[in-house]
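Single-structure report; data block below.
All of the numbers you see were taken from the coordinates with simple rules; none came from a lab. For clarity, every value in this text was computed on a predicted model and none was experimentally measured. Neighbour counts run over all protein chains shown; Cβ positions are idealised from the backbone, glycine included.
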Amino acid sequence: MIPIPTPGLDLWARELAKRSPEASDIFRVRGPLTKLEKLERDLTAATRGGKTAERAAGKLIEHILERYHETHRREFPQAIELARTVERVHAGDPDCPRGLADHLAVMADDLEGHQLKEENILFPTMLAGSCGVLRFPISRMMAEHDDVYEQLDRLAALTRDFTPPRDACKTWRALSQACRKLDRDLREHMRLENDVLFPHFL
Ligand SMILES: [Fe+2]
Ligand SMILES: [Fe+2]
């Protein structure tokens, strides 16, 4: 397999693959880019401060707010509720994830503070077209992301890697699933900020 290194060549390989199925075997041709992948490409490729970059950054911020900030706000309380139930009902079970509800509550609290800083200060400054002045607030946000990664490690440990016991009840299964989703969403949320959005403003 030959990986396709540049967007231009990628398009060329896609065209080739449409005409000849063998080309897909020779080149590593993926399916069409998703809306988000296009957005990421637009922001990464755009000249800093230009109109295209401004538009792409605005759209990415909109996506982060809707898909992640609002989703976390909705889903953390549900996971906390499930954890409180499981910890109460299965208190005598040696596999009971003791301390999970409290850990989730701390995570939700810290995250709310973090998201408010992004929503009220960082993102509006980015949308106003400022670049250099953001170095300090961005490094602060990235340090807070590192704290979230540590909290996620603890979340995985408390939930045994998001795996409920074989004979777990419906609530326990739902809890493991909810925590797995929080983990996946938070990691993708931070990847978009750390690797795509923030570098554009440094
Ligand atoms: Fe965020
Ligand atoms: Fe963030």
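In order along the range 192-202, phi translates into HN-Hα couplings of 4, 6, 5, 9, 10, 6, 4, x, 5, 10, 9 Hz, rounded to whole numbers, per the Karplus curve 6.51 cos²θ - 1.76 cosθ + 1.60 with θ = phi - 60° and x for Gly and Pro. The C-alpha atoms of the range 57-200 occupy a region whose extents along the principal axes are 55, 23, 20 Å, arranged from largest to smallest.
In loop segments of the range 99-202 as defined by DSSP, the trypsin sites (Lys or Arg not before Pro) with at most 11 further C-beta atoms inside 10 Å of their C-beta are R166. Take the Cα of R74, step 7 Å toward its Cβ, do the same at D102, and the gap between the two points is 3.1 nm.
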